[in-house]
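Read the structure below first, then the notes.
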Amino acid sequence: MRTQRTTQAGFTLVELMAVVVIVGVLATLAVFGVRKYIASSKTSEAIEMIGAIKAAEETYKDETFTYLDVSGGLTQATAYPSGFTPGRQKAQWGGGGTGSTGFKQLGVTSANPVYFAYACTAGAANTTPASPSSDSGSITIANWPTTLAAPWYVVKAYSDLSGTGVYTVFVGTSFTGDIFSANN
């Protein structure tokens, strides 16, 4: 008589654990990638809005030979939209509040609610440009001018995107084409 040996088909515990580890690593990478993608999409709003504000300020200057001092400063108290926590919630653009009249005068709008608060201040020739390091998200920019021979403006966008109290900050100016950023 012949004895037949039957083998069982299946996976060993080691093989199953290897699959679980691989799936865990892939899930971790996916979560990190999605968070990075979401943060990138939120910061693109600030870059787009600063570009729109800069273009509107240049158009305003072409017509009036001066820049519009929209907010009167770059602090949280002068930012628009007001009355919300930037980054923790969105705010609809176009309501009232500090700076609303100036942004309407410039023609700057957003069809969608915004994550960032914006402030824009301007000054005359031979004055010191406003410093972007203020209460709502500090940013230090090397070689910040002490005085400018021409009129100037500074635009600042800030938001607590991480929810940790550390503000992501973007700054654009009339005296450079660059948009500076910190904590993004």
Testing Thr43 on (1) surrounded by fewer than 16 Cβ atoms within 10 Å (Cβ to Cβ); (2) touching a residue at least 60 places away in the same chain (Cβ under 8 Å); (3) of a type in the set (Val, Ile, Thr); (4) over 22 Å from Ala125 (Cα atoms), one condition comes back false. Which one is that?
(1)
Could you tell me which residue of segment 158-169 is surrounded by the fewest Cβ atoms within 10 Å (Cβ to Cβ), considering only residues that are aliphatic (A, V, I, L, M) and in a loop (DSSP other than H, G, I, E, B)?
Val166
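Suppose we keep only residues that are of a type in the set (Phe, Trp, Tyr) and in contact with a Pro (Cβ under 9 Å, 6 or more places away or on another chain) within segment 48-94. Which one would you say is surrounded by the most Cβ atoms within 10 Å (Cβ to Cβ)?
Here is the first cut: in segment 48-94, the ones of a type in the set (Phe, Trp, Tyr) are 60, 65, 67, 80, 84, 93.
Okay, now just the ones that are also in contact with a Pro (Cβ under 9 Å, 6 or more places away or on another chain), so 65, 67, 93.
On the way: Phe65: 8, Tyr67: 22, Trp93: 18.
Filtering segment 48-94 for residues that are of a type in the set (Phe, Trp, Tyr) and in contact with a Pro (Cβ under 9 Å, 6 or more places away or on another chain), the one surrounded by the most Cβ atoms within 10 Å (Cβ to Cβ) comes out as Tyr67.
Matching residues to (1) more than 21 Å from Ala52 (Cβ to Cβ); (2) assigned to a loop (DSSP other than H, G, I, E, B); (3) at pLDDT 90 or above:
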position	(1), (2), (3)
Phe103	no, no, yes
Thr109	no, yes, yes
Ser131	yes, yes, no
Asp135	yes, yes, no
Trp144	yes, yes, no
Lys156	no, no, yes
Selected residue (only one of Thr28, Thr59, Thr64 is β-branched (Val, Ile, Thr), touching a helix residue (DSSP H, G or I) at 6+ places or on another chain (Cβ under 9 Å) and over 17 Å from Leu161 (Cβ atoms)):
Thr59
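Mind checking which residues of segment 170-184 are on the phi < 0 side of the Ramachandran plot, assigned to a loop (DSSP other than H, G, I, E, B) and in contact (Cβ under 8 Å) with a residue 24 or more places away in the chain?
The answer is Ser174, Phe175, Asn184.
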What number of residues within segment 85-132 satisfy the criterion of being in contact (Cβ under 8 Å) with a residue 60 or more places away in the chain, among the small types (Gly, Ala, Ser) and over 19 Å from Glu57 (Cα atoms)?
1
Working only within segment 158-167, note down all residues that are at pLDDT below 90 and either in contact with a strand residue (DSSP E or B) (Cβ under 9 Å, 6 or more places away or on another chain) or among the polar types (S, T, N, Q) (or both).
Asp160, Leu161, Ser162, Thr164, Tyr167
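Here are Val70, Val25: which of them is modelled with pLDDT of 85 or more, over 27 Å from the mean Cα position of the chain (by Cα) and not aromatic (Phe, Trp, Tyr)?
Working: Val70 fails: over 27 Å from the mean Cα position of the chain (by Cα).
One residue alone meets the criteria, Val25.
The values are calculated or read from the model by the stated rules, or taken from the named source; none is laboratory data. Note that the coordinates shown come from a computational prediction; the quantities given were computed from them, not determined experimentally. Because the Cβ atoms are built from the backbone with ideal geometry, glycine has one as well, and the counts that use them run over all protein chains shown.
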